[in-house]
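What follows is a set of notes on a single structure, which appears directly below.
Each reported figure results from applying straightforward, stated rules to the coordinates on display, with no laboratory input. Quick caveat, the model's predicted, so the values are computed rather than measured. Every residue, glycine as well, gets a Cβ built from its backbone with ideal geometry; the counts of neighbours run over all protein chains shown.
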Amino acid sequence: MTAQLALGTYRCQAIPEAAARAAVSGAQWIDTAPNYATGQAQILLAPALAAHPSLRVSTKTGYFTAATGIDAVKDGVLNQDQAAAGHSLARDYVRWQTGRNREQLGRDRLDLVLLHNPEYAHPGDRPALHRAIRDAFAVLEEEVAAGHAAGYGVATWAGLDEEAFTVGELLALAAEAADGHQHHLAAVQFPVSLVMMTPMVQALHGRGPLPAAAGAGLRVMASAPLHGGELPAWSIRSSPTSSGRA
């Protein structure tokens, strides 16, 4: 496997400037979501994406802000109770949010749409969760067929670690969603860092999501590689006292 640096926008304080710097520095991917920056991240990214059409962007569907929930209710894709949850994998919502993502990002075709922490939808109920993932995948297969997305995947914080699903199960659900055709599940995103080392430890023994995803030809996207900025701060605190030499 080869590694590439990408820009993540979850806690980014200056998204337009960071995106422009990432583009000129050779980054190939920017990762975002409709709930980042209190719902403004995709709008803030749009100018940089327009200026650098070769930049690829991954976005998400699942979590949404209160304001987006109100819009979804007005458009009839969520009811009040669903909107109050702040997260949904409902078919109509996934389709609606994918279109909204394209509009906000200024892209007719999204490079990657990720289900955002799908484990949140049905905690503790694996059969219900897997049905919801399969149904959401079916919508994303329709989006690919319509030319609105190149592929889709799953962005999870704890789903793989807590075994709410495995890479193999995601592949099987994508195959079901594709209904006999070639599926377009293309990526998985999960935390990999010196704080959350389980995937790396498992990979050393040939187990876990890293070798499973790589073996299936999926793109692996490491989220929170610096653990939200805590690792650089920790390294500074832990560094030995300088001798004063240049």
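Under Stokes-Einstein, with the Kirkwood radius over Cα pairs as Rh, the value for the stretch 90-211 at 4 °C and 1.567 mPa s is 86 µm²/s. Think of the stretch 1-154 as a dipole: +1 on every Lys or Arg Cβ, -1 on every Asp or Glu Cβ, centred on the Cα centre; then among Ala72, Leu44, Tyr152, Leu44 lies furthest on the positive end.
Derived value for the chain: Kirkwood hydrodynamic radius 18.9 Å. Basis is the mean of 1/r over every pair of different alpha-carbon atoms. Of interest is the spacing of the C-alpha centroids, which for the stretch 35-84 and the stretch 120-148 amounts to 18 Å. Sorted from greatest to least, the principal axis extents spanned by the alpha carbons of the stretch 41-130 come out as 43, 28, 17 Å. Summarising the strand pairing of the stretch 1-152, around 10 percent of its internal DSSP beta bridges are antiparallel.
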